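K.L.:
Following this message is one structure expressed as structure tokens.
Nothing in this text is a laboratory measurement; each read-out follows from the coordinates by a stated rule. What you see is a predicted model, and the numbers here were worked out from it, not measured in a lab. Positions of Cβ are backbone-derived with ideal geometry, glycine not excepted, and every protein chain shown enters the neighbour counts.
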Amino acid sequence: MQSQDIIPLPENQHEFPYFPKPTIWNFQDLTGQRFMRLEVKAYAGGGRWFCICNCGHIVKARAGDLKRGDTKSCGCLKKEISARIRTTHGYGSRINIKSEYGIWNQMHQRCKNPKHRYYSNYGGRGIRVCERWQKFENFLADIGPRPSLNHSLDRIDGNKGYEPGNVKWATKTEQARNQRNNRIAEYQGKTMTLAEACEIAKKPYSTVKARIDRHEWPIEKALSVPVKSNRQ
Ligand SMILES: [Zn+2]
């Protein structure tokens, strides 16, 4: 983890001790390169580099961690993010970290936690969160901040998982339209959209959808049991 890989040095230590760089053919000199908040200043031996963070702290970081993006700062970035996550009034803050973090967390819960109320529609039917989005920072960097409180996560192809290119922010209205056109159902031996199946079965889409999602009825039953008129 990030915090264990970073060894804070005394702040007044600006003269870096000399470590000869290895002479192996594939050694990569990172001096002068920037990795997020860290600027590489000198080789620190053992595959590590002395870096200066934007905040002024000097740290030693492993080359691999820098290149993979696992180490982005002296630890200050992580602290700032978790401070924002802890803020109760996160919705009022400029970059809205709290709400996006909450959404990111729920996305994982739906796909991984069998006790989540919607697990059967997500993890239970093979919907996964991609490797890259196991990290909140990557997720936020890829899809950007939530445009407004009316926006939530929308998968473009409902049968594909949470991955770059298949997820965008959408309002409830946009999302309902998208789901209607993308939701696939097996009905009377044919594959069709759920909306088409509802038309054939002459049942209101909203009722059928609620039967499947909320009451977990099988599709055939949801489309065949008569709808009580007072429920319209
Ligand atoms: Zn820092």
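K.L.:
How would Ser73, Ser206 line up from fewest to most surrounding beta-carbon atoms within 10 angstrom?
P.N.:
Working: Ser73 22, Ser206 12.
Fewest-to-most Cβ neighbours within 10 Å comes out as Ser206, Ser73.
K.L.:
Another question about this same structure. Could you tell me the calculated FRET efficiency between Asn105 and Gln33, based on Cβ-Cβ distance and R0 = 45 angstrom, to the nearest 0.05?
P.N.:
0.85
K.L.:
How do Leu223, Leu77 line up, fewest other C-beta atoms within 10 Å first? Present the calculation step by step, with values, prior to reporting the outcome.
P.N.:
On the way: Leu223 22, Leu77 19.
So the ranking, lowest neighbour count to highest, is Leu77, Leu223.
K.L.:
If you don't mind, another one. Near the amide H of Arg183, under 5 Å away, which other amide H atoms are found, from residues 5 or more places off or on another chain, if H is placed in the peptide plane?
P.N.:
Leu194
K.L.:
List the lysines whose alpha-carbon lies under 30 Å from that of Lys67, not counting same-chain residues fewer than 8 positions away?
P.N.:
Leaving aside lysines fewer than 8 places away in the same chain, those within reach of Lys67 are Lys21, Lys41, Lys78, Lys79, Lys98, Lys112, Lys135, Lys160, Lys168.
K.L.:
Sticking with this one: Show me, for the range 28-42, the HN-Hα J-couplings you get by feeding each phi into the Karplus relation (A = 6.51, B = -1.76, C = 1.60, θ = phi - 60°), rounded to Hz, glycine and proline as x.
P.N.:
Listing the rounded values in order: 10, 7, 9, 3, x, 6, 10, 10, 6, 8, 9, 10, 6, 9, 7 Hz.
K.L.:
At Asn113 and Glu196, where each label point lies 7 Å from the Cα along Cα→Cβ, what is the point-to-point distance in nanometres?
P.N.:
Inter-label distance under the simple model: 3.7 nm.
K.L.:
Please work out how much length the chain gains when fully extended from Lys228 to Arg128, using 0.36 nm per residue of separation minus the C-alpha to C-alpha distance, in nm with one decimal. Mind dumping the intermediate values first?
P.N.:
Details: separation 100, 0.36 × 100 = 36.00 nm, distance 3.66 nm.
Gain on stretching Lys228 to Arg128: 32.3 nm.
K.L.:
Taking amide H positions as placed 1.01 Å from N in the peptide plane, with prolines and chain starts having none, which residues 5 or more places from Tyr162, or on another chain, fall under 5 Å of its amide H?
P.N.:
Close amide H contacts, sequence-distant or interchain: Arg128, Val129, Cys130.
K.L.:
Now a separate question. Run the quick spin-label model on Ala141 and Asn121: label points 7 Å from Cα toward the beta carbon, then report their separation in nm to one decimal.
P.N.:
According to this spin-label approximation, the distance is 3.2 nm.
K.L.:
Further question on the same structure: Place the peptides 104-111, 21-28, 159-166 in order of packing, highest mean first, counting for every residue the other Cβ atoms within 10 Å and averaging per peptide. Mind dumping the intermediate values first?
P.N.:
On the way: 104-111: 17.9, 21-28: 8.2, 159-166: 15.1.
Taking the mean over residues of other Cβ atoms within 10 Å, the ranking is 104-111, 159-166, 21-28.
K.L.:
Pop out the ³J(HN,Hα) list for the range 214-224 in order, Karplus 6.51 cos²θ - 1.76 cosθ + 1.60 with θ = phi - 60°, rounded to Hz; leave Gly and Pro as x.
P.N.:
My calculation for the range 214-224 gives 8, 9, 6, 6, x, 4, 4, 5, 4, 8, 10 Hz in order.
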